[in-house]
Amino acid sequence: MTTYLFANRAPKDYRGSADGLDMLTALAGYDWVLQHKDTYHIRVINNSWADDTITYDPNDPLNQASLAAHDAGIAVVFAAPRGTASTRSR
């Protein structure tokens, strides 16, 4: 059986991935998962960020949280962007 857990509840007029989600909410989600991974047998964290302009910084809090989850034995995956408007296949 698959259990889906969400760090926050989307508002009724939710329109897309990460609408209204800020870094503190995402970090709280990582903290919750790390605290409850054994209780709920959490093995994977799936991330989907809409901004394809973000550059990698190992000191970024979200990257640190991803590393902590990885080090705790959780697979951390990210959706790949489809490219910018100029590079998308038509």
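In table form, for the structure just shown:
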{"read-out": "Breaking point among (1) loosely packed, with under 11 Cβ neighbours inside 10 Å; (2) modelled with pLDDT of 65 or more; (3) small (G, A, S), for A85", "value": "(2)"}
{"read-out": "Which numbered condition D38 misses (of (1) part of a helix (DSSP H, G or I); (2) modelled with pLDDT of 85 or more; (3) more than 18 Å from A79 (Cα to Cα))", "value": "(1)"}
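The values are calculated or read from the model by the stated rules, or taken from the named source; none is laboratory data. Not measured: the values here are computed from a predicted model. Positions of Cβ are generated from backbone atoms using ideal geometry, with glycine treated the same way; all protein chains shown enter the neighbour counts.
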